[in-house]
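Right, one structure below, let's go through it.
The values are calculated or read from the model by the stated rules, or taken from the named source; none is laboratory data. Quick caveat: nothing in here was measured; it's all calculated off a predicted structure. Cβ atoms come from the backbone with ideal geometry, glycine included; neighbour counts cover every protein chain shown. When the accessible area is computed, the model is the full protein with side chains, heavy atoms only, and any ligands, DNA or RNA have been set aside. Shrake-Rupley method; radii C 1.70, N 1.55, O 1.52, S 1.80 Å.
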Amino acid sequence: MSGPNTNYDPVEVAALEPAAVDAAVAHALRAIAAVSSLEGLKAARIAHQGEKSPLALANREIGALPPSAKAEAGKRVGQARGRVGQAIAARQAQLEAERDSRILVEERVDVTVPTLRRPLGARHPIELVAQRLADSFVGMGWEVAEGPELEAEWLNFDALNLGPDHPARQMQDTFFLDPVDSGLVLRTHTSPVQIRTMLEKEPPIYVVAPGKVFRTDELDATHTPVFHQIECLAIDAGLTMAHLRGAIDAFVQIMFGAGTRTRVRASYFPFTEPSMETDFVCFACHGAGSIDAGGSAVQCRTCGGSGWIELGGSGMVNRKVLRACGIDPEVYSGFAFGLGIERALMLRHGVQGMHEMVEGDVRFSQQFGMEV
Ligand code: DAH
C-alpha cells in the first residue's frame, strides 16, 4: 500500500470533477456548434482544445492525482477531449464543404460569355525564317549587316560589276526614282550590302544580310514586286569554293533540315567568278524524283521530278569587285550567295500562292507559330 499522497491538492484537481469535465465539454460543443466560419472555428479550437483550454488544464492535473484515481480521471478527460476533437473535425468538414460550394457559385465562370481578349498577333514567317537563319550564322561567328532599301544605283549595279550597258542590268526590272538622274533605285537585290560591308570593314569579313528587295513585277502566284532576300558574304585569306559549299550546306540544313545535300551548277553573275547556281536535294522525295503513293510511284510535285530544288546564286567574289572595294585580291578571296526567302518558304511549307505570303492576314502567319 502506498502512503497518503502529500501532493494531492483537492482544490487544484477540481477541474477533474465529472461535473466540471461535462460542463467543459458542453461549453465546447455549444461554442463549436455556434461558429459560422472557419475563422470562428479556429478561435473555438484554441479556446476548447488549445493548451489553455479547461480540458487541457484538467489533463495536466491528472498527474497530481493519486495513482488509484489517475486511470479513471484519465479516461474521463480523454473521452471528453475526444468528443470535443470529433465535434471540431465534424464542424470543420461541414464549414469547408459550405465554403467550397459557396466558392463554386461565387467564382463561377461562364465560358459562353464573349471574350474581350484580342488574339495575339503573329510574326510573319518571312521574319521568322530570316531571323532564324541570321541567328544560326551569328552562332557561327558571322555578323548581321544591313543596307538601305533606297539604294545608290552605283552600289546596286556598278560596284557589283554590272556596268551601265551590262545586259544583266536590264534583266533586273528596276524601280528608278524621280528624277532619273537622282542616282537612286529601290534595291533590286541584297548584294549591294556586300559592297557596303567591304567598303566599311577590313577582312576577315563574315556577314549575313537579310532584307527587302524590289522589282517591277506584277503580283501573281509566283511573283511580287516586294520580296525578301538573304545574302551571305565571306572575305578572308585563303577562302575557296570548298568553304562556299560548306557555308551553303550549313545554310540549307538550317532551312530544310539536317543532312540536306547540295550540288552546284555553273552559272553567271557579274559580281562572282566563277559563278554557280546551287541546288539542294528535294526535302519531299529526298532526291528520288518520285513519291510512293500507295504502292505506285508518282512524280514528286515539290521538285517536279528532278530530285533537286534550285536555291539561289553563289560564287567566288569577282576580283574586280574586291578591287573596287579596296581589297587586295592577291591577299584575300571570298565567296557570296544570295537567295529569295519567299520562294524557299513557299516550297518548305507548301504555300500555294504568293498572295498568301504578302496579304498580311494574321491567320496565315499564326499557322507558323513563333517558330518555323
Ligand atoms: N543578287 C543575285 C540576284 O538577286 C543573287 C546572287 C547571286 C547573290 C550570286 C549572290 C551571288 O551573293 O554570289 O539574283
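Points worth noting:
- Close pairs from region 106-121: first closer than 24 Å to Gly369 by Cα, partner not in a loop (DSSP other than H, G, I, E, B), Cβ under 8 Å, at least 6 apart: Pro119/Val362; Pro119/Gln366; Gly121/Val362; Gly121/Ser365
- Residue within region 277-297 that is hydroxyl-bearing (Ser, Thr, Tyr), within 13 Å of the ligand (Cβ to nearest atom) and touching a helix residue (DSSP H, G or I) at 6+ places or on another chain (Cβ under 8 Å) present: yes
- Tally of residues being open to solvent by 20 Å² or more (accessible area, probe 1.4 Å) and either of a type in the set (Gly, Ala, Ser) or within 30 Å of Lys320 (Cα to Cα) (or both) across region 339-364: 3
- Residue match in region 308-321 (condition: more than 17 Å from Thr190 (Cα to Cα), open to solvent by less than 60 Å² (accessible area, probe 1.4 Å) and not in a helix (DSSP H, G or I)): yes
- Filtered residues of region 226-264 (kept if without any contact (Cβ under 8 Å) to a residue 24 or more places away in the chain and either of a type in the set (Asp, Glu) or farther than 17 Å from Gly334 by Cα (or both)): Asp249, Gln253, Ala258, Gly259, Thr260
- Verdict on Thr197 being at pLDDT 95 or above and among the polar types (S, T, N, Q): yes
- Hey, Pro192 surrounded by 15 or more Cβ atoms within 10 Å (Cβ to Cβ), closer than 26 Å to Ala234 by Cα and either within 39 Å of the chain's Cα centre (by Cα) or not assigned by TED's automatic domain parsing to the domain that holds Val331 (or both) or not: yes
- Being open to solvent by 80 Å² or more (accessible area, probe 1.4 Å) and either assigned to a loop (DSSP other than H, G, I, E, B) or of a type in the set (A, V, I, L, M, F, W, C) (or both) holds for only one residue in Glu202, Glu127, and it is Glu202.
- Residue within region 345-358 that is among the small types (Gly, Ala, Ser), within 14 Å of the ligand (Cβ to nearest atom) and either in a loop (DSSP other than H, G, I, E, B) or in the same structural domain as Ala134 (by TED's automatic domain parsing) (or both) present: no
- Summed over region 170-187, the residues that are at pLDDT below 95 and either within 12 Å of the ligand (Cβ to nearest atom) or of a type in the set (S, T, N, Q) (or both) give a count of 6.
- Yes/no for Arg102 being surrounded by 10 or more Cβ atoms within 10 Å (Cβ to Cβ), in contact (Cβ under 8 Å) with a residue 60 or more places away in the chain and either more than 18 Å from Ala14 (Cβ to Cβ) or not acidic (Asp, Glu) (or both): no
- Which listed residue, of Phe256, Phe251, Phe271, is touching a helix residue (DSSP H, G or I) at 6+ places or on another chain (Cβ under 8 Å) and open to solvent by 20 Å² or more (accessible area, probe 1.4 Å): Phe271
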